[in-house]
1. Around GLU328, under 14 Å between beta carbons, what's the net of Lys plus Arg minus Asp minus Glu among the other residues?
2. Could you work out the mean projected area of the convex hull around the alpha carbons of the range 101-204, in square nanometres to one decimal?
3. Any aspartates and glutamates with Cα under 20 Å of the LYS47 Cα? List them, leaving off those in the same chain fewer than 8 positions away.
4. If you average the sequence gap of Cα pairs under 8 Å that are 6 or more apart and divide by the length of the range 229-285, what percent do you get for the contact order?
5. Could you tell me, in Å, what Rg and Dmax come out for the Cα atoms of the range 143-244?
6. Taking the range 12-96, which GluC sites (Glu not before Pro) meet the DSSP loop condition and have no more than 14 other C-beta atoms within 10 Å?
7. What is the angle, in °, between the Cα long axis of helix 82-91 and the longest principal axis of the Cα atoms in the chain? Nearest 10 is fine, range 0 to 90.
8. Over all pairs of distinct alpha carbons, what does the Kirkwood formula give as the hydrodynamic radius of the range 247-334, in Å?
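Read the figures in this text as sums done on the coordinates, not as results from a lab. In this text the structure is predicted, and so the values were computed from the model without any measurement. No Cβ is skipped: glycine too gets one built from the backbone with ideal geometry, and neighbour counts run over all protein chains shown.
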Amino acid sequence: KQLGIALVGLGGYSTNQLAPALQETENCYLAGIVTGTPSKIDDWKKKYDIPDKNVYNYENFDEIANNDDIDIVYVVLPNALHAEYVIRAAKAKKHVICEKPMATNVEDAKRMLDACNENGVQLAIGYRLHFEPYNKRVMELGQQQVFGKVKSITANNSSDMTSKKPNLWRLDKELAGGGSLMDLGIYAVQGAVYTMGEKPVAVAAKYGEVTKPTFFHDVEQSINWELEFEDGVKAKSNSSYAEEQNELSAEAENGWWNVSPAYAYEGKKGETSEGEMDYPNIFEQVNQMDSQAESFRNSEKSIVPGEMGLRDMKILMAIYESANAGGERVVIQY
Ligand code: NAD
């Protein structure tokens, strides 16, 4: 059976990536929508053939418990709202996919995971890069030590939102939980961790200069940090909302690799010390949701489970703790 997905929040990511991807998935399909904006409903119903009974708003959302068409709720709201909707979905006994970052603090991430466990439903995070050939190759190169042990990592993810019209919630600490780190830096953290295949033990971080104060008075414009792994390997990273950077690279004992862009939806390119990486660019959200639906169907954890989201929240919060303390080394508590 194809599992039915309901998208919660019909903003940019749902509209431009997830809904189109759900037209190509095999294990799941777009069965319903949850929106606070009534003017969007007609277009979505027509475009995706969604029946009235599968359309919800934020008030009647809990009634989704009685709807057998919906097996999975996919939460695509501003970060601070993830916790409430994941927990309500779990109580409605639906499996949940939650967008990154999982939450805006460790406490919420734990509550989300607990709610899913208590209600016997699966929780996965929208970490699409785990389903994509270039990043999968990076995991292999690093974790299987194809060029020997990794000696150092560079992972940067930045996007100049000041040149476009930014979503205002991304500049609001209450809703976003933070700035460039929460939105973009999380990919660099993930990249370093899946290159190593282990959790970092400590971090040192500093905020960058604020050059665009009209945008960045509540959340950080940029931040740079260094993750430290058990055997002393370091991963250096930067994320900024006011420049363009997109790379995941590493030096190993007997070679190196560099994927750039590494985190973009399209156009990924990469090179190793042995030559060009030649993989297809795929519609990665299709593979992501198909794989997640397949694991839910088999009552198995996704390869990007809620536990991974919680781990990453702990890392992100340690990065902020260090930056707030002016760059002091912080041991990450798991
Ligand atoms: P967006 O601003 O385009 O959409 C947010 C949606 O939430 C809008 O439809 C808005 O109406 C709705 N909303 C409900 N309550 C709101 C409130 N109180 N304030 C503001 N908006 C409210 O954002 P987006 O880019 O679609 O991001 C949504 C989530 O998806 C975020 O968590 C983001 O990090 C994540 N995301 C993930 C990826 C990825 O590649 N995995 C890409 C983009 C966004």
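1. Working: positive: LYS206, ARG329; negative: GLU226, GLU228, GLU321.
Combined, the nearby Lys, Arg, Asp and Glu give -1.
2. The orientation-averaged projected area of the Cα hull of the range 101-204 comes to 9.1 nm².
3. Those aspartates and glutamates meeting the cut-off are GLU24, GLU26, ASP69.
4. Once divided by the residue count of the range 229-285, the mean separation gives 20 percent.
5. Over the range 143-244's Cα set, Rg and Dmax evaluate to 15.0, 47 Å.
6. GLU24, GLU26, GLU59
7. Taking the Cα atoms of the chain, the angle to 82-91 is about 50 degrees.
8. 16.4
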